[in-house]
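Chemist: Structure in structure tokens, see below.
The values are calculated or read from the model by the stated rules, or taken from the named source; none is laboratory data. Quick caveat, the model's predicted, so the values are computed rather than measured. Counting neighbours? That spans all protein chains shown, and the Cβs are built from the backbone with ideal geometry, glycine included. Note: areas computed on protein heavy atoms with side chains; ligands, DNA, RNA excluded. Shrake-Rupley method; radii C 1.70, N 1.55, O 1.52, S 1.80 Å.
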Amino acid sequence: MRKLFGTDGVRGTANTHPMTADMALRIGAAVGRYFRREAGGVHRVVIGKDTRLSGYMFESALTAGLTSTGMNVLLLGPVPTPAVGLMTRTMRADLGVMISASHNPAQDNGIKFFGPDGYKLSDQAEEEIEALIDVGVEPAQAPNIGRAKRIDDARFRYGERIKSSLPRDLRLEGLKVVVDCANGAAHRTAPEVLWELGAEVIPMGVAPDGYNINRGCGSTQPMAAAEMVVAQGADVGICLDGDADRVVVIDEHGAIADGDQVMALLAARWAADERLAGGALVATVMSNLGLERHLQALGLRLERTAVGDRYVVERMREGGFNLGGEQSGHIVMTDFATTGDGLMSGLHFLAEMMRAGKPASELARQFAPVPQLLKNVRFAEGKRPLDSDGVKSAISAAEAALSGRGRLLIRKSGTEPLIRVMAEAVEPALLDDVLNSVVDAVQAAS
């Protein structure tokens, strides 16, 4: 069982275990040894980061650990997570590293890894790396220590790649777009790409100071962007998170559409164009039941996975599917990218607006969601609320009440000490009763 790695790499509060400089150095050495399995040859790793202040500390510590095992490190600076996946592959690196806690607040940070194919590591690889961390690794001999250098054109390479995913003749002239970059990794790339494609751009969240990433902005707090869309008379808003691997869309009236709605739009369009591989969309257990019913009405399938975009990608690769993602806005198009890409997904939404000549409000409401509630319950260190008999009893009673009328999902967060309780039901009263009964039981055991 993995102890350090959660659903998306190693994550926690900066300068608190496991997110300390010492642990980052040990992780760097272990992962460097893991991917540098044979002597000789060129061994390289690319490292990107978002705009958190602690990113400097972890970048230095990881670089020290990696170079100590003979890996040559290429420092990309602040770039979106999907840029790291892309450049790991295109620069023939053995490994890619992204330093980011995604949508979490600035005091948190994380370390994500990509293999040489540009895809996130498997559970098995992470377990093997943890074993190396536990026992420690022998450093390379002095003549074999790796080098480190800055790469200046990473942002340009990434921007050109995502533009190439669109039809060659597509232009966004006449489109007024609010783009909220969450004071994060895409604060320069996203406005530049939209402007280069011809849009009138109103940027927000483009003044990172090391502390303000995701604060009152971005995909998890899109209300300021929604107000800006209405105030400026914009056609659409695109909200990214801190590392720009997820997106939510805002229509011209300020209504917010999540990843389920965007995936429904893309799946229908790709199916009509005979581009949707396998006739299916891959999404997690968190996606709304309304999405599943909508796809079924179109003659398409919804393949569900565990929560985490890498589990979505694993299922996509296993089944030969090319479109998947999460309700939270991670949308993966494996024809163009190896992981969720918020900016690319937003561009494809804009492309459909231009192609169809329809407003965002029409395209962003593909189906009527089944009423869904999600509550998070924080638990104390050492507590295991899901093992409680009271919680188990409450869950059984809730599942019985929802049988044939909705669904219940209980899971422990892979990145925070939280139990996530989600329920769906057409009947609002039943939904409230079921959710609250389980939440109360979890709180009592936390």
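Yes/no per residue for (1) surrounded by 16 or more Cβ atoms within 10 Å (Cβ to Cβ); (2) of a type in the set (A, V, I, L, M, F, W, C):
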residue: ILE151; (1), (2): yes, yes
residue: PHE156; (1), (2): no, yes
residue: ASP169; (1), (2): no, no
residue: THR189; (1), (2): yes, no
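Chemist: Hey, another quick one. Quick check on my filter: what residues within segment 339-352 are more than 17 Å from GLY218 (Cβ to Cβ) and either among the acidic types (Asp, Glu) or open to solvent by 10 Å² or more (accessible area, probe 1.4 Å) (or both)?
Modeler: Listed by number, the residues that qualify are HIS348, ALA351, GLU352.
Chemist: What are the residues in segment 225-257 that are open to solvent by 20 Å² or more (accessible area, probe 1.4 Å) and either assigned to a helix (DSSP H, G or I) or among the aliphatic types (A, V, I, L, M) (or both), if any?
Modeler: Once the filter is applied, which keeps residues that are open to solvent by 20 Å² or more (accessible area, probe 1.4 Å) and either assigned to a helix (DSSP H, G or I) or among the aliphatic types (A, V, I, L, M) (or both), segment 225-257 yields GLU227, MET228, VAL230, ALA231, GLN232, ALA255, ILE256.
Chemist: Continuing with this model, one more query. Looking at segment 130-141, can you tell me whether even one residue there is assigned to a strand (DSSP E or B) and closer than 19 Å to ARG33 by Cα?
Modeler: Among the residues of segment 130-141, not one is assigned to a strand (DSSP E or B) and closer than 19 Å to ARG33 by Cα, which makes the answer no.
Chemist: When both residues are 6+ apart or on different chains and their Cβ atoms are under 7 Å apart, which pairs have a first residue that lies in segment 132-145 and is in contact (Cβ under 8 Å) with a residue 12 or more places away in the chain and of a type outside the set (Val, Ile, Thr), and a second that is open to solvent by 40 Å² or more (accessible area, probe 1.4 Å) and outside any loop (DSSP other than H, G, I, E, B)?
Modeler: LEU132/ARG33
So that you can scan it fast, the table gives a plain yes or no per residue for (1) open to solvent by 50 Å² or more (accessible area, probe 1.4 Å); (2) modelled with pLDDT of 95 or more; (3) not hydroxyl-bearing (Ser, Thr, Tyr):
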residue	(1), (2), (3)
VAL97	no, yes, yes
LYS120	no, no, yes
VAL135	yes, no, yes
GLU138	yes, no, yes
GLY184	no, yes, yes
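Chemist: Further question on the same structure: Looking at GLU160 and the list (1) closer than 30 Å to ARG317 by Cβ; (2) open to solvent by 20 Å² or more (accessible area, probe 1.4 Å); (3) touching a Leu at 6+ places or on another chain (Cβ under 7 Å), which single condition is not satisfied?
Modeler: (3) is the only condition that GLU160 fails.
Chemist: Name the residues in segment 83-93 that are open to solvent by 10 Å² or more (accessible area, probe 1.4 Å) and either under 22 Å from the mean Cα position of the chain (by Cα) or polar (S, T, N, Q) (or both), would you?
Modeler: Across segment 83-93, the qualifying residues are LEU86, ARG89, THR90.
Chemist: Tell me, which residue of segment 401-446 that is assigned to a loop (DSSP other than H, G, I, E, B) and not hydroxyl-bearing (Ser, Thr, Tyr) is most open to solvent (accessible area, probe 1.4 Å)?
Modeler: In this case the residue turns out to be ARG405.
Chemist: Just name the residue that is nearest to the chain's Cα centre (by Cα) out of those in segment 356-400 that are among the hydrophobic types (A, V, I, L, M, F, W, C) and open to solvent by 50 Å² or more (accessible area, probe 1.4 Å).
Modeler: Per the stated criteria, the residue is LEU374.
Chemist: Out of the residues in segment 19-77 meeting the condition of being part of a helix (DSSP H, G or I) and of a type in the set (D, E, K, R), tell me which one is least open to solvent (accessible area, probe 1.4 Å).
Modeler: GLU59
Chemist: Criterion first (touching a residue at least 24 places away in the same chain (Cβ under 8 Å), part of a helix (DSSP H, G or I), open to solvent by 40 Å² or more (accessible area, probe 1.4 Å) and basic (Lys, Arg)) does ARG2 satisfy it?
Modeler: no
Chemist: Additional query: Tell me, yes or no, whether segment 197-219 has at least one residue that is in contact (Cβ under 8 Å) with a residue 40 or more places away in the chain, under 29 Å from THR334 (Cβ atoms) and open to solvent by 20 Å² or more (accessible area, probe 1.4 Å).
Modeler: no
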